[in-house]
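Below: the structure, in structure tokens.
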Amino acid sequence: MSLIDTIYGILFDPVPTLQYLAREKPLLPGLFIYLAVFIFNVIINRGLTALDSEIAGFIPDGNFIWVFAILGVILSFFILALTAGLLSLLGEIFYQRGNASGLLVCLCFAVIPGVLGPPLQYGATLLGISWLGVILSLLAVIWMLVLQVLSLREALELQTGQAILLFIIPGLLFFFVLLGFAFIIIKTIPPFPG
Amino acid sequence: MNKKLTIGLIVGFLVLMGILSVRVVNKPDNAASLRGNAVVGIIEINGVLGGEAASLLTTSAADSNRIMKTIRTAAKRSDVKAVVIRINSPGGTAVAAQEIGIELDKLRKTGKPVVTSMGDVCASGGYWIACSSDYIVANGTTITGSIGAIMETSNLQGLYDKLGIRQEVFKSGEHKDIGSSAREITPEEREILQAVVSDSYAQFLKQVKQGRKGKINPGELEDIADGRVFTGETALQMGLVDSLGNYYDAVKQAEEMAGITEESKIEVLNTEKFWDSILLGTRADALLHTQNRWQLKY
């Protein structure tokens, strides 16, 4: 399957495409796509903030933007690898199914719809219909999330319900850890006298 | 539809948006021109005028370098049709006021009207800057005026004597340590420094006369230009300002002077950059900031 076929497949025929990716594991094209989407979104988001002077003040200028972008690339690759590893580990623990490298490749390609959100928002903002841009951008994010769940399902060969559960477990764990920390902090604060 | 054609269309759209985005980032006026808005640029001058940036680690200051840069941006941007200078400053160093004034004069030469909107205080160096605008709007209770120059130095000799500190000076000329805080100022030095202050004051008067030409009587100006301050209302009677009103009245005035009939976009051109305020504060010169021995101030 060529790169164009893969991109087309992810957008319009995701299930067999993800099955192919989970099986063949084309890591380098996957990382290339992930990086390209990230860089493109940095550029478009810079344009979006330039259109809005009120938030432009929070965006670093000149060379600093590239320092932040490079740090962002490194961090996002780290998070991507961590996510694939963690979800695969959880898959092994709960369902005895693991395929970390296949899942990593699927997650790389699952970000493709994310490349559509910011440009659609940008175009809508230029046309003076920024509300529509926000909705389209949100839809792109939802599309991406759906593809991530499908990636999990196809890479680990799970049922849809199992994949959804596995997908939200890290978030739930994080939430409960935060809740635990908050509880500990509240308990350690001495009560006010009187 | 053909796969290649579909992907080609998507990539084409992305490339187009990417190009537009890069253009907007590199040339800010494209943002507004793409939307078809005329922009009234606001340049805020807050705090004491000086040549050093404010940061989290230094005191608040209106940095003349950054303000000049912003004025030049306003001159270059084709979508900025008029500029409102919002001043809330008690003055500062003479050079900072002069530099900003010169840059504003250049901006006006491009044909873009410049209107001053006075905030709480627009005195001394702040008023110098205001004189480089086409029209001045003050609030009734704005404190303005304070036309004059001042230079201060402290004689700490008595304190040094008590502490047993004696400064050893090696100088190339008689007046190289003029204004030293370690000794009494000599009559000759007093004369020299007074001449500097008087010359600077004469330049200030010239600036006001030029800026308020036809609006204020030069003879009357010299009577009131003794450093005193006025309310905006009194300043209006004396011809130091053109009208009373708030910030939005100044924007409206700028729109009228620029002939803007449709709805304009108001854009603060020197919005404080969050990252700059942190990063500039860690610069060595900011950390090692020391007060000059003496400064000429408006």
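Rule-based calculations on the coordinates, nothing more; no lab input. Please read these numbers as outputs of a predicted model, since none were measured by experiment. Quick reminder, even Gly has a Cβ in these numbers, built from the backbone with ideal geometry, and neighbours come from all protein chains shown.
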Quiz item: If you place +1 on the Cβ of every Lys and Arg, -1 on the Cβ of every Asp and Glu, and leave all else neutral, what size is the dipole of the protein assembly as shown about its Cα centre, to the nearest 20 Debye?
Solution: 1140
Quiz item: Tell me, B:Val241, A:Val177, A:Val73 in order of fewest to most beta-carbon neighbours within 10 Å?
Solution: A:Val177, A:Val73, B:Val241
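Normalised by the empirical 2.2 N^0.38 Å for globular proteins, what value does the Cα Rg of the range B:169-260 take?
On the way: Rg = 20.6 Å, N = 92, 2.2 N^0.38 = 12.3 Å.
Relative to the 2.2 N^0.38 Å estimate, the range B:169-260 comes out at 1.68.
Please compare each pair in B:Lys76/B:Lys209; A:Lys25/B:Lys3; B:Lys112/B:Lys209; B:Lys69/B:Lys176; B:Lys76/B:Lys213; B:Lys106/B:Lys215 to a cut-off of 25 Å on the Cα-Cα distance and tell me which ones are over it. Numbers along the way, then the final one.
Working: B:Lys76/B:Lys209 28 Å; A:Lys25/B:Lys3 22 Å; B:Lys112/B:Lys209 21 Å; B:Lys69/B:Lys176 34 Å; B:Lys76/B:Lys213 27 Å; B:Lys106/B:Lys215 21 Å.
B:Lys76/B:Lys209; B:Lys69/B:Lys176; B:Lys76/B:Lys213, as the Cα separations exceed 25 Å there.
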Exercise. Could you tell me the distance between the Cα centroids of the range A:117-153 and the range B:151-213, to the nearest Å?
Key: 65
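Quick check on the exposure proxy: order B:Cys131, A:Cys106 from fewest to most C-beta atoms within 10 angstrom. Mind showing how you got there, number by number?
Details: B:Cys131 23, A:Cys106 30.
Lowest count first: B:Cys131, A:Cys106.
Shielding by partners for A:41-50, please: the mean number of other protein chain Cβ atoms within 10 Å of each residue's Cβ.
Values: counts 0, 1, 6, 6, 1, 5, 12, 4, 3, 10.
Per-residue shielding by partner chains comes out at 5.
What's the average, rounded to a whole number, of partner chain beta-carbon atoms within 10 Å of each residue's beta-carbon in A:117-130? Working shown, then result.
Values: counts 0, 3, 9, 2, 1, 5, 4, 0, 3, 7, 2, 2, 0, 0.
For peptide A:117-130, the averaged partner shielding equals 3.
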Quiz item: How do B:186-197, B:118-129, A:79-90, B:166-177 rank on mean C-beta neighbours within 10 Å, highest first?
Solution: B:118-129, A:79-90, B:186-197, B:166-177
Quiz item: Which of the lysines could a cross-linker span from B:Lys297 if the Cα-Cα distance has to be under 19 Å and same-chain partners fewer than 8 positions apart are dropped?
Solution: B:Lys206
Practice problem: Evaluate peptide B:5-18: per residue, the Cβ atoms of other protein chains within 10 Å of its Cβ; return the mean as an integer. | Solution: 4
Practice problem: Beyond 22 Å, what share of the Cα-Cα pairs of the range B:48-138 is found? Please give it as a whole percent. | Solution: 21
Quiz item: What do you get when you divide the Cα radius of gyration of the range B:136-191 by 2.2 N^0.38 Å, with N the number of residues?
Solution: 1.83
Exercise. Would you please classify the overall shape of chain A from the alpha carbon gyration tensor, given that a ≥ b ≥ c denote the square roots of the eigenvalues, rounded means a/c under 1.5, and beyond that prolate means a/b larger than b/c while oblate covers the rest?
Key: oblate
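Just rank B:Ser21, B:Ser181, fewest to most, by other beta-carbon atoms within 10 angstrom.
On the way: B:Ser21 27, B:Ser181 16.
Starting with the residue having the fewest Cβ neighbours, the order is B:Ser181, B:Ser21.
Anything in chain A that counts as a DSSP H helix reaching 30 Å or more along its axis (C-alpha) with Kyte-Doolittle mean of at least 1.6? List them, would you? Intermediate values should be presented prior to the final figure.
On the way: long enough: A:27-51 (36 Å, 1.81); A:62-95 (49 Å, 1.99); A:130-156 (39 Å, 1.83); A:160-188 (42 Å, 2.17).
Passing helices, by number: A:27-51, A:62-95, A:130-156, A:160-188.
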Self-check item: the protein assembly as shown shape via C-alpha gyration tensor axes, a/c threshold 1.5
Solution: prolate
